[in-house]
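This report concerns only the one structure given below.
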């Protein structure tokens, strides 16, 4: 089967080849034909080494497809079901799962560093990103990694729910629990930031400010729910105009940089909520002083995978899409083929594109 392989961190090109095979399935595994997969900034972070992964590796973690085969012990899905791939499967028995934080479960994440589910060039092992590797025609995941979805939801839309939408909308609904009538600022108007904006709109926020240096992204931010959009140098004026200088109730950072996390901190009002959604580097340190941490009364929180339980949230978000409350079509900037992935990665590095979706036959 076809797929795109990263041999080493920093490689200029992915190795797009057609000789991949899958490792044997286990009794609790599910084999999925990938029908659509997103080109997400986290994939770029794996290629650049910001997110460490075992090598060689097939990137891709945001996907949807059709179940081809299930292990003998699998009862949650059956062949023919449409599923969304969950890149953080919850084992159900670890300490995090038992306190209802399945998004923090590390059982299968750690397994993905030692369990190479792909082979190429005969019998050379290759890993899948986050245990997935959706930049290939087929994948094998544990049954918890394949969540059934309404077949009326197109595969491209379902794929976005698999990561970006759940991460961003979940940050607003699950992590921050944005209150109706509140003020929100979102730093970064990429796929995650736009999803946060949609979550804030669904929550009933009345002022939603999008901040992005690329002005061409502002119109789309407003289309999906932002009431205002500015460049970073206009933030101070926006705080004065929109909040009377007090700052925002909720400040979301959707870039993954210490500088933008600090900007979110400064944009939040005293007693406000600062939500870090972007995936940053381990050596990028946020310079917050101890005095401000206490006396400003602000709360800084992380939102990993939108604080979601995907067994609940994937169907919920699919329902919002079907009801017309969640705009997924506008989030797709291009539909491409697997052979176009190198160009797609280059475009993602350039920062102008939103969400490119690979559509597989």
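The values are calculated or read from the model by the stated rules, or taken from the named source; none is laboratory data. Please read all numbers here as calculations on a predicted model, not as lab measurements. Positions of Cβ are generated from backbone atoms using ideal geometry, with glycine treated the same way; all protein chains shown enter the neighbour counts.
Taking residue 313, is it without any contact (Cβ under 8 Å) to a residue 40 or more places away in the chain, in a helix (DSSP H, G or I), closer than 25 Å to residue 85 by Cβ and not assigned by TED's automatic domain parsing to the domain that holds residue 209? Quick ask: steps written out before the conclusion?
Numbers: without any contact (Cβ under 8 Å) to a residue 40 or more places away in the chain: no; in a helix (DSSP H, G or I): yes; closer than 25 Å to residue 85 by Cβ: yes; not assigned by TED's automatic domain parsing to the domain that holds residue 209: yes.
No: the conditions fail for residue 313.
If only one of 99, 83 is touching a residue at least 40 places away in the same chain (Cβ under 8 Å) and either surrounded by fewer than 16 Cβ atoms within 10 Å (Cβ to Cβ) or touching a strand residue (DSSP E or B) at 6+ places or on another chain (Cβ under 9 Å) (or both), which one is it? Let's see the steps before the verdict.
Values: 99 fails: touching a residue at least 40 places away in the same chain (Cβ under 8 Å).
Result of the check over 99, 83: 83.
How many of the residues making up segment 322-361 are farther than 23 Å from residue 139 by Cα, within 17 Å of the chain's Cα centre (by Cα) and in a helix (DSSP H, G or I)?
5
Does residue 251 fit the bill of being within 21 Å of residue 187 (Cα to Cα) and modelled with pLDDT of 95 or more?
Working: within 21 Å of residue 187 (Cα to Cα): yes; modelled with pLDDT of 95 or more: yes.
The answer is yes for residue 251.
Out of curiosity, is residue 290 crowded, with 20+ Cβ neighbours inside 10 Å and either free of Cβ contacts under 8 Å to residues at least 40 places away in the same chain or more than 20 Å from residue 40 (Cα to Cα) (or both)? Quick ask: steps written out before the conclusion?
Values: crowded, with 20+ Cβ neighbours inside 10 Å: no; either free of Cβ contacts under 8 Å to residues at least 40 places away in the same chain or more than 20 Å from residue 40 (Cα to Cα) (or both): yes.
Here the answer is no, as residue 290 does not meet what is asked.
From 126, 146, which residue is in contact with a strand residue (DSSP E or B) (Cβ under 9 Å, 6 or more places away or on another chain), within 17 Å of residue 310 (Cβ to Cβ) and touching a residue at least 24 places away in the same chain (Cβ under 8 Å)? If you could, list the steps in order and put the result at the bottom.
Working: 126 fails: within 17 Å of residue 310 (Cβ to Cβ).
That would be 146, the only listed residue that is in contact with a strand residue (DSSP E or B) (Cβ under 9 Å, 6 or more places away or on another chain), within 17 Å of residue 310 (Cβ to Cβ) and touching a residue at least 24 places away in the same chain (Cβ under 8 Å).
Report, by residue number, each residue of segment 1-35 that is over 17 Å from residue 116 (Cα atoms) and surrounded by 24 or more Cβ atoms within 10 Å (Cβ to Cβ).
Answer for segment 1-35, where residues must be over 17 Å from residue 116 (Cα atoms) and surrounded by 24 or more Cβ atoms within 10 Å (Cβ to Cβ): just 34.
Please go through segment 38-56 and pick out each residue that is within 17 Å of residue 112 (Cα to Cα) and without any contact (Cβ under 8 Å) to a residue 40 or more places away in the chain.
Passing the criteria: only 52.
Before we move on, is residue 300 under 25 Å from residue 166 (Cα atoms), modelled with pLDDT of 95 or more and crowded, with 20+ Cβ neighbours inside 10 Å?
Working: under 25 Å from residue 166 (Cα atoms): yes; modelled with pLDDT of 95 or more: yes; crowded, with 20+ Cβ neighbours inside 10 Å: no.
Here the answer is no, as residue 300 does not meet what is asked.
With crowded, with 24+ Cβ neighbours inside 10 Å, under 30 Å from residue 82 (Cβ atoms) and modelled with pLDDT under 95 as the only criterion, which of 191, 162 stands out? Talk me through it step by step, then tell me what you get.
On the way: 162 fails: modelled with pLDDT under 95.
When all the criteria are applied, what remains is 191.
Could we say that residue 51 is assigned by TED's automatic domain parsing to the domain that holds residue 10 and either farther than 28 Å from residue 340 by Cβ or out of contact with any strand residue (DSSP E or B) (no Cβ under 7 Å at 6 or more places or on another chain) (or both) here? First the steps, then the outcome.
On the way: assigned by TED's automatic domain parsing to the domain that holds residue 10: yes; either farther than 28 Å from residue 340 by Cβ or out of contact with any strand residue (DSSP E or B) (no Cβ under 7 Å at 6 or more places or on another chain) (or both): yes.
Here the answer is yes, as residue 51 does meet what is asked.
With (1) in contact (Cβ under 8 Å) with a residue 12 or more places away in the chain; (2) not assigned by TED's automatic domain parsing to the domain that holds residue 195 as the list, and residue 323 as the residue in question, which single condition is left unmet?
If we test residue 323 against (1) in contact (Cβ under 8 Å) with a residue 12 or more places away in the chain; (2) not assigned by TED's automatic domain parsing to the domain that holds residue 195, just (1) comes out false.
Check whether at least one residue in segment 265-285 is assigned by TED's automatic domain parsing to the domain that holds residue 88, in contact with a helix residue (DSSP H, G or I) (Cβ under 9 Å, 6 or more places away or on another chain), farther than 19 Å from residue 174 by Cα and at pLDDT 95 or above, and report yes or no. Let's see the steps before the verdict.
Start the filter on segment 265-285 by keeping residues that are assigned by TED's automatic domain parsing to the domain that holds residue 88, which leaves none.
There is no residue in segment 265-285 that is assigned by TED's automatic domain parsing to the domain that holds residue 88, in contact with a helix residue (DSSP H, G or I) (Cβ under 9 Å, 6 or more places away or on another chain), farther than 19 Å from residue 174 by Cα and at pLDDT 95 or above.
Which of the residues that make up segment 231-255 are surrounded by fewer than 21 Cβ atoms within 10 Å (Cβ to Cβ) and under 24 Å from the mean Cα position of the chain (by Cα)?
Those that are surrounded by fewer than 21 Cβ atoms within 10 Å (Cβ to Cβ) and under 24 Å from the mean Cα position of the chain (by Cα): 231, 232.
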